[in-house]
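The values are calculated or read from the model by the stated rules, or taken from the named source; none is laboratory data. It should be emphasised that the depicted structure is a prediction, and the values quoted were computed from it without experimental measurement. Cβ placement follows ideal geometry from the backbone for every residue including glycine, while neighbour counts extend to all protein chains displayed.
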C-alpha cells in the first residue's frame, strides 16, 4: 500500500513538474494543480491509519483512525483550489492583454511595447528617467503611463 | 490580559480585512478605515512586544481547547520582533498609498489580508497553522503584485505566484512529513521529538524546509523570480513585498532551522554559509551593474538576504541575535528606499540618503547596528574569510546605493516632473527619521535581538 501510494505521488508530482516547465501558461497552472494534489496525497499518506471513525462517543479499546490528516488535507485542498482560481484569472488577464497564453508571445509583445515607447520618447529626455510619473505622484516603473 | 492581547493582535487585522473586502477601497474614507484597523493591530503587536520583553513568552490555545489538542498561539521575542517590523512596514506603505490615492477597490483589503496572515504566522505555535497563515498572506500578495493590472505586472505576478506556490507545496510536504515522524504539529513538541527520529528522514525534511524558505527569501540559487516581480510593482507594493513578506523567509529559517531542527541546521552549516556568501556577492555585483533604481534595489534584496543566512549559519546567541537585528533593520531600509525612490520633492533625497547609509552600515543610522552585529558574529565565529566577505559586501553596497542616489537625485530637475504632495513627503521623512532614531538609540533593537536569540538558544525568552 505504501509503495503504491508513493509511486502515485511521485507520478503526479513528476507530471506536475513537467507541466510547469512548459511555455503554455495554462499548462503551468495545471501543473501547479497537479503538484498541490500530490502534496494532498502526501498529507493523507503521512497519517495512514485504519480504525473506527473518530466520532464521539469513542468505542472503548478500539483503534481510532487519525482525523488530523483529513482535516489538514481538507484545508490544503481549499487553499490549492482557490489559488488555482487566482492563477487562472491571471492567465485570463494575460490572454486578454496579449491574445496568447504562450510565455514567449507575451514576452515578445512586452519587448515590442517597450521598444515602441523608446521610439516615442522625447529626445530631450534622459533615457534613464523614462519612468517618470506623469499621471500621479509616486509612480515608478509604469512604462505605459508615459505612452 | 496578555492572551487577550495576543488574540486581538491576530483577530483585528482579520476582521478589518474581511469587512474591507466588501467596501470600495478607492474611496478615501475606506482607505482611512483600513489604516485605522491596521493601526489598531499594530498597537496590539507593539503592546505584546513590551509584555513579551518584560514577562517572557505569552501563550494561549485557540477556541478554549485543552493544551495539546487545540491550536496554540505563542508570542515569543522572535515572533514579536518580526511581527512588529512587518506590520509596521505594511502600515506605512498603506498610509503612503492612501495619501497618494488608491486606484483599485481591493487594495486596502488585500493589504489587510497580508498583515493578518503575517501576524498570524509570526505568532502561531503550530506548524500547519503556520502554513495556512503563510498561504493567506502569500495569496493576497500574488494579487497585490499585479496591483495596477498592466500586462507586465500581471506576468510578474504570475511568475511570482507559480514559484512561490512551488515553495509552499514543498513546505506543506515537509510539514506533513514532520507530522508523520513526530506525531505532532506543535512546534515545541516537534522540536522535542525531532532528536529521536532517524537522522536520514529528518535531514531530507530539513532540506525541504530550507528550500521552501530560501525561495521566499530570494536567496542566490533560488532568486531568479525576484527582480522581475519588484521591477514590475508599484513602490508601496514593492515595500510590502520586500519589507514585510520577505521576512517570512528569514523567520521561517530561524524558527524551523534554529528552533525546531537545530541539529540539522548545525549539520548543514557549511551549505548555509556558502549559499549566504554567494548571495551577498552575487546580489551586490548584479546591483552594481544595473541602472534602474528598482532593479538595483531588487538585487540588493538578494544580497541582504545573504547576510541573514550567513548570520544563521554562524549560529549561537551572537549569530542569531545578528540575524534578527539584521532582518529587522533590512526591512526598515527596504521600505524606506522603495518609498523614497517613488517620491519626488525637497528633502526626499535626504531621506533616500539615510536609507542608503543604512544599507551600507554607516553610523549613526540603523544599518550600522545591523552591520556591527554581523561583524561581531563573524569575528566570534573566528572566520577571517567571513569578516572579509561582509566587508566586501558592504563596500559593494556603498557603490550601488550611491550610484542610484547620483542618478536619481543629482540630475537636474525635469520639466513636467511632479513634486509629491507634502503628506507623502512627510511620511517618507518620518520613516527616515525612524531609521535614524533606531541607529541613535539602538538599545530597544539590541534588546529585541538578544531576547530572540535567547529563545532560539533554548533559554527563557
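Assess whether residue A:4 counts as being assigned by TED's automatic domain parsing to the domain that holds residue A:74 and surrounded by 19 or more Cβ atoms within 10 Å (Cβ to Cβ).
Against the criterion (assigned by TED's automatic domain parsing to the domain that holds residue A:74 and surrounded by 19 or more Cβ atoms within 10 Å (Cβ to Cβ)), residue A:4 does not qualify.
Out of (1) surrounded by 24 or more Cβ atoms within 10 Å (Cβ to Cβ); (2) on the phi > 0 side of the Ramachandran plot, what's the single condition that is false for residue B:101?
Unmet for residue B:101, out of (1) surrounded by 24 or more Cβ atoms within 10 Å (Cβ to Cβ); (2) on the phi > 0 side of the Ramachandran plot: (1).
Out of (1) under 27 Å from residue B:74 (Cβ atoms); (2) crowded, with 19+ Cβ neighbours inside 10 Å, the odd one out for residue B:223 is which?
Every condition holds for residue B:223 apart from (1).
Return yes when residue A:20 is in contact (Cβ under 8 Å) with a residue 12 or more places away in the chain, buried (at least 20 other Cβ atoms within 10 Å of the Cβ) and assigned by TED's automatic domain parsing to the domain that holds residue A:69 and no when it is not.
When the stated conditions are applied, residue A:20 does not pass them.
Residue-wise test of (1) surrounded by 20 or more Cβ atoms within 10 Å (Cβ to Cβ); (2) under 19 Å from residue B:375 (Cβ atoms); (3) at pLDDT below 85; (4) out of contact with any strand residue (DSSP E or B) (no Cβ under 6 Å at 6 or more places or on another chain).
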position: B:390; (1), (2), (3), (4): yes, yes, no, yes
position: B:394; (1), (2), (3), (4): yes, yes, no, yes
position: B:399; (1), (2), (3), (4): no, no, no, yes
position: B:415; (1), (2), (3), (4): no, no, yes, yes
position: B:432; (1), (2), (3), (4): yes, no, no, yes
position: B:446; (1), (2), (3), (4): no, yes, no, yes
position: B:460; (1), (2), (3), (4): no, no, yes, yes
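If you go through the range B:104-120 one residue at a time, do you hit one that is facing another protein chain (nearest Cβ under 9 Å) and surrounded by fewer than 24 Cβ atoms within 10 Å (Cβ to Cβ)?
no
So residue B:207 fits all but one of (1) assigned to a helix (DSSP H, G or I); (2) within 11 Å of another protein chain (Cβ to nearest Cβ); what number is the exception?
All conditions are met except number (2).
Identify all residues within the range B:390-409 that are touching a residue at least 24 places away in the same chain (Cβ under 8 Å) and farther than 22 Å from residue B:378 by Cβ; write none if there are none.
B:402, B:403, B:404, B:405, B:407, B:408, B:409
Given the criterion exposed (fewer than 14 other Cβ atoms within 10 Å of the Cβ) and either modelled with pLDDT of 75 or more or assigned to a loop (DSSP other than H, G, I, E, B) (or both), identify the matching residue among A:83, A:111.
The match here is A:111.
So, in the range B:63-96, how many residues would count as being surrounded by fewer than 24 Cβ atoms within 10 Å (Cβ to Cβ) and in contact with a strand residue (DSSP E or B) (Cβ under 6 Å, 6 or more places away or on another chain)?
6
Of everything in the range B:143-152 that's within 9 Å of another protein chain (Cβ to nearest Cβ) and surrounded by 22 or more Cβ atoms within 10 Å (Cβ to Cβ), which residue is nearest to residue A:114 (Cα to Cα)?
Of everything passing the filter in the range B:143-152, B:152 is nearest to residue A:114 (Cα to Cα).
If residue B:350 passes every condition in (1) in a helix (DSSP H, G or I); (2) more than 25 Å from residue B:237 (Cβ to Cβ); (3) more than 20 Å from the chain's Cα centre (by Cα) but one, which one does it miss?
Answer for residue B:350: the failing condition is (2).
Please go through the range B:75-99 and give me each residue that is within 14 Å of chain A (Cβ to nearest Cβ) and within 19 Å of residue B:334 (Cβ to Cβ), ordered by number.
Listed by number, the residues that qualify are B:92, B:93, B:94, B:95, B:96, B:97.
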